[in-house]
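Quick note: the coordinates plus some simple rules give every number you see, no bench work behind them. Given the structure is predicted, the values throughout are model-derived calculations rather than measurements. Cβ placement follows ideal geometry from the backbone for every residue including glycine, while neighbour counts extend to all protein chains displayed.
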Amino acid sequence: MNLRAFGKISFLLVIIGFFMPIACDLNGFQLAEIFFEDDVIFGILMYLIFISAIIGLTLGFLLIFNNKVNRGFEWTCLLLCITSGISIYIFMLQGGPELQSGAYLILTGWIFAFIFQVISDSSSKNSQNLSSSNKKCRQCQTIYKGFHSSCPKCNFFLYEETDQSIDTTALQTDSINTNNNLIISGKGKGNSGIITWCIAYLILALIGVFMCVMSKEELILSKEIFRFELFLGITFAGVWFVLGVLAFLTFIIYAVLLPITIIKNEINVYGNKIEGKGYNKYFIYGDIRVQAFQITHEKIVNIDTNKNSITIHTPDNKYKCYTMNAAEIKQAILDSIK
């Protein structure tokens, strides 16, 4: 999931917050009805928060499935959602009733959506500026055009800018493809890691729920300690509530997405190379993108295995693949190197 899509998924926090108490124990729909009685404009603005969040979330799903979305439309949707909410706060709620958990959650969704939108736009501009320059692969040292997202020879994604000219022969078929005899292969489908990771992330999601429940209790039982205001009426317990919701949503998403990506894992061992799809060295930090890789035997530094995965180390990276025959694959690689 790229930053643009992740930013749009943050609108889910806005939608959830709209259904929760925002002020005076009223949710967004109930507040909109009251605003319509006083001033139709603010009633419309209240509904615009919800509608624009729905549109933003829809854009996120379109981006996840690699559909083209106009960036101008993204910004329009985001700014409409934020300005509508700020207008209502300034003219209808400021100095009045205390904000509640729904308002905190909406604010959190806006912050995440705005930050990721800015970062993704900046990254896009930088990539456009670099697209005309050449890149040098950090794994196989191949020089290739800047518009490629990864090395066309070995699929490695790390690179450095260079003024060197492209050697066209380097991109042609070479010794890496001279021996195409498949020795052994493995796939992630049916891997025991799917259940293990699901259970782990569901437990973490339950911890998020526990944080929400406890923050709610603290709001009721320990007002003097836990209800001092931090900013815009947000209380200490309110912050823990938002963190609990974020933890719940994050780990639920991982519990769904990680098993899907594990199924896509595969590894094939040939006479002089290893290729497949798996995770890179940032997997431990939550990067669950499945990336294609191709490694020649001379690049292998070390191989680690456990009962359901194999990790191949190179000088610059490491590749983790989930497969139930990890031990057999490791032995096959060691035998082919000899």
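Quick look at the values:
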{"item": "Test: I49 is touching a residue at least 40 places away in the same chain (Cβ under 8 Å), buried (at least 22 other Cβ atoms within 10 Å of the Cβ) and either farther than 28 Å from F241 by Cα or in contact with a Ser or Thr (Cβ under 7 Å, 6 or more places away or on another chain) (or both)", "result": "yes"}
{"item": "Enumeration of residues in segment 284-338 that are over 25 Å from the mean Cα position of the chain (by Cα) and among the charged types (D, E, K, R)", "result": "E298, K299, D304, K307, E328, K330, D335, K338"}
{"item": "Matching residues in segment 258-305 - criterion: being in contact with a helix residue (DSSP H, G or I) (Cβ under 7 Å, 6 or more places away or on another chain) and either among the small types (G, A, S) or exposed (fewer than 13 other Cβ atoms within 10 Å of the Cβ) (or both)", "result": "G271"}
{"item": "Positions within segment 288-338 being of a type in the set (G, A, S) and more than 27 Å from T250 (Cα to Cα), in sequence order", "result": "A326, A327, A332, S336"}
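Here is a yes/no grid of residues against (1) of a type outside the set (A, V, I, L, M, F, W, C); (2) in contact (Cβ under 8 Å) with a residue 24 or more places away in the chain:
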site	(1), (2)
G60	yes, yes
L63	no, yes
N70	yes, no
L78	no, yes
M92	no, yes
L105	no, yes
F116	no, yes
